[in-house]
Amino acid sequence: MIQKTVTLLGCTGSIGTQSLDVIKMQGYRVFGLAAHTRVELLMEQIQQFHPQVIVVTDSTAAEKMQTLLDGLSNPPKLWKGKEGLIQLASHPDAGIVLNAVVGIAGLGATLAAIESGHDVALANKESLVTGGSLVVEAVKKHGVHLLPVDSEHSAIFQCLQDAHSAKTLEKVLLTASGGPFFGKKREELEGMTKADALKHPNWAMGAKITIDSSTLMNKGLELIEAVWLFDLPPEKVEVVVQRQSIIHSMVQFSDKSILAQLGVPDMRIPIQYALTWPDRFPSPAPELDFSTLKQITFDTADEETFRCLAACKKAIAKGGLAPCAANGANEEAVKLFLEDKIGFLDIGRLVEGVVDSDSFGKSYTLADVYDCDRMAREYVRSQL
Ligand code: NDP
Ligand code: MG
């Protein structure tokens with residue numbers, strides 16, 4: 001077993017807690033843990049994994065954390081706020097940085113980790129969607145590895161391990177479960193509530209990505225993520241609906257041969273591969289049982305109904321900050337939907353609206369990314 005050091009950002013979330021399962025099984029050392037609000041859970045994690053540094057980004061929660069730490073005999077250092085998150089991601093002893101923060105809030109830490117020479121295991125797809133060119137340029141400049149955690153991108157990455165074949169990559173087939181509303185038309189989706197949208201058929205995930213899966217925004221974000229990770233033009237990423245989430249994605253080479261990666265829908269498999277790459281070790285996930293798996297089906301995605309996917313395609317074709325705008329509008333719209341302030345179909349309408357509202361230029365700085373995100377959120381609120 002190789003002793004690695006990991007710093008886990010977003011440790012209290014769905015990916016964060018599953019990452020700790022993997023870290024425990026692999027016997028890795030945890031240097032840092034970062035959470036936003038869930039300090040009681042963070043406290044349990046501190047007692048189990050003994051990090052040297054913790055970060056709490058929410059200010060009220062950080063005060064509470066300080067009080068909780070007072071009861072420990074050998075407490076970790078506590079850093080606070082966005083600055084604390086960046087400081088942790090940049091720390092020379094951070095090791096591999098697993099970024100499982102949700103939303104554009106993860107972008108600064110992704111860049112900080114890369115710029116400090118750390119390999120990054122990336123669950124936070126919004127980093128690539130909002131600041132793709134900045135992330136990819138930083139990876140090249142600092143010679144670090146960007147290892148995908150997202151199951152589809154891990155599948156593609158696994159299928160491309162033979163570097164010789166990878167040179168002839170023709171396209172990627174990005175699989176989608178279709179979400180809880182697969183097959184429904186716009187009239188049926190009109191009155192869908194957050195309780196309906198939060199029921200994902202195959203995966204248990206955080207609230208934001210579960211809503212993104214129900215609108216197919218998640219697949220749009222993943223299409224953009226694939227474009228940046230695998231340096232492909234958007235038209236070479238084809239979305240294929242695979243309802244059982246058994247095939248996690250596929251690649252097609254120039255000779256029309258296709259490789260797929262399969263397994264049970266358990267995020268601990270791609271999380272572990274990102275951490276152990278290029279090695280493979282026994283995993284806490286169960287094996288796929290072909291005696292109970294009766295079928296693997298394929299369908300096409302309905303972009304007329306699920307406008308978020310169409311809007312993301314439009315955004316990546318426009319380039320520049322258009323994907324950042326789509327992401328910002330979506331983050332704000334999902335927040336409003338979860339607060340019962342807008343309807344289900346409004347999410348797609350608002351994301352498409354913001355993409356159509358501007359040309360978004362071509363090159364950008366980090367400050368431009370944050371300005372564009374702010375503009376997109378204001379656009380959404382102005383439409384209420
Ligand atoms: P969760 O909502 O379950 O967890 C999000 C984590 O981020 C929590 O630890 C949360 O802290 C922290 N967080 C929230 N807001 C902020 C903020 N403003 N600043 C810093 N930290 C913050 O999300 P998931 O684990 O589901 O998803 C995480 C990322 O992984 C997303 O980008 C998602 O798209 C991606 N992903 C998730 C998959 C899944 O199966 N869940 C699959 C593939 C990708 P706290 O809980 O303490 O408030
Ligand atoms: Mg995914």
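The values are calculated or read from the model by the stated rules, or taken from the named source; none is laboratory data. Given the structure is predicted, the values throughout are model-derived calculations rather than measurements. Glycine gets a Cβ as well: all are built from the backbone with ideal geometry, and neighbour counts include every protein chain shown. Keep in mind that these areas ignore ligands, DNA and RNA; they rest on the heavy atoms of the full protein, side chains included. Shrake-Rupley method; radii C 1.70, N 1.55, O 1.52, S 1.80 Å.
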(request) Answer yes or no: is there a residue in region 164-174 that is within 26 Å of GLU304 (Cβ to Cβ), touching a residue at least 40 places away in the same chain (Cβ under 8 Å) and within 15 Å of ligand 1 (Cβ to nearest atom). (result) yes
(request) Quick one: count up the residues across region 284-306 that are surrounded by 13 or more Cβ atoms within 10 Å (Cβ to Cβ) and modelled with pLDDT under 95. (result) 1
(message) Please count how many residues of region 307-328 are open to solvent by less than 10 Å² (accessible area, probe 1.4 Å) and assigned to a loop (DSSP other than H, G, I, E, B).
(response) 0
(request) Tell me the helices (runs of 4 or more DSSP H) entirely within region 191-291 that contain at least 3 residues that are within 16 Å of ligand 2 (Cβ to nearest atom), touching a residue at least 24 places away in the same chain (Cβ under 8 Å) and not small (Gly, Ala, Ser). (result) 207-215, 217-230, 268-276
(request) Looking for whichever is at pLDDT 95 or above and either farther than 16 Å from GLY32 by Cα or of a type in the set (Lys, Arg) (or both) here; the options are ALA94, ALA112, ALA100, ALA123. Which one fits? (result) ALA123
(message) List pairs: first residue in region 20-41 and open to solvent by 10 Å² or more (accessible area, probe 1.4 Å), second residue part of a helix (DSSP H, G or I) and among the charged types (D, E, K, R) anywhere in the structure, Cβ distance under 8 angstrom, at least six positions apart or on different chains.
(response) ASP21/ARG268
(request) Output the residue which, of all residues in region 352-377 that are touching a Lys or Arg at 6+ places or on another chain (Cβ under 7 Å) and crowded, with 20+ Cβ neighbours inside 10 Å, is nearest to ARG186 (Cα to Cα). (result) VAL355
(message) For region 175-186, give me the residue count where each residue is open to solvent by 10 Å² or more (accessible area, probe 1.4 Å), within 16 Å of ligand 1 (Cβ to nearest atom) and touching a residue at least 40 places away in the same chain (Cβ under 8 Å).
(response) 1
(message) Step by step: first the residues of region 262-283, then only those that are farther than 15 Å from SER19 by Cα and charged (D, E, K, R), then the one that is surrounded by the fewest Cβ atoms within 10 Å (Cβ to Cβ). Which residue is that?
(response) ASP279
(request) Test ILE342 against the criterion of being under 22 Å from ASP196 (Cβ atoms) and touching a Leu at 6+ places or on another chain (Cβ under 8 Å), and give yes or no. (result) yes
(request) Report yes if some residue within region 47-65 is within 13 Å of ligand 1 (Cβ to nearest atom), farther than 12 Å from LEU85 by Cβ, acidic (Asp, Glu) and without any contact (Cβ under 8 Å) to a residue 60 or more places away in the chain; otherwise report no. (result) no
(message) Looking at PHE157 and the list (1) within 16 Å of ligand 1 (Cβ to nearest atom); (2) assigned to a loop (DSSP other than H, G, I, E, B); (3) open to solvent by 30 Å² or more (accessible area, probe 1.4 Å); (4) not polar (S, T, N, Q), which single condition is not satisfied?
(response) (2)
(message) Here is a check on your reading of the model: is THR210 in contact with a Gly (Cβ under 8 Å, 6 or more places away or on another chain), within 22 Å of GLY103 (Cα to Cα) and open to solvent by less than 20 Å² (accessible area, probe 1.4 Å)?
(response) no
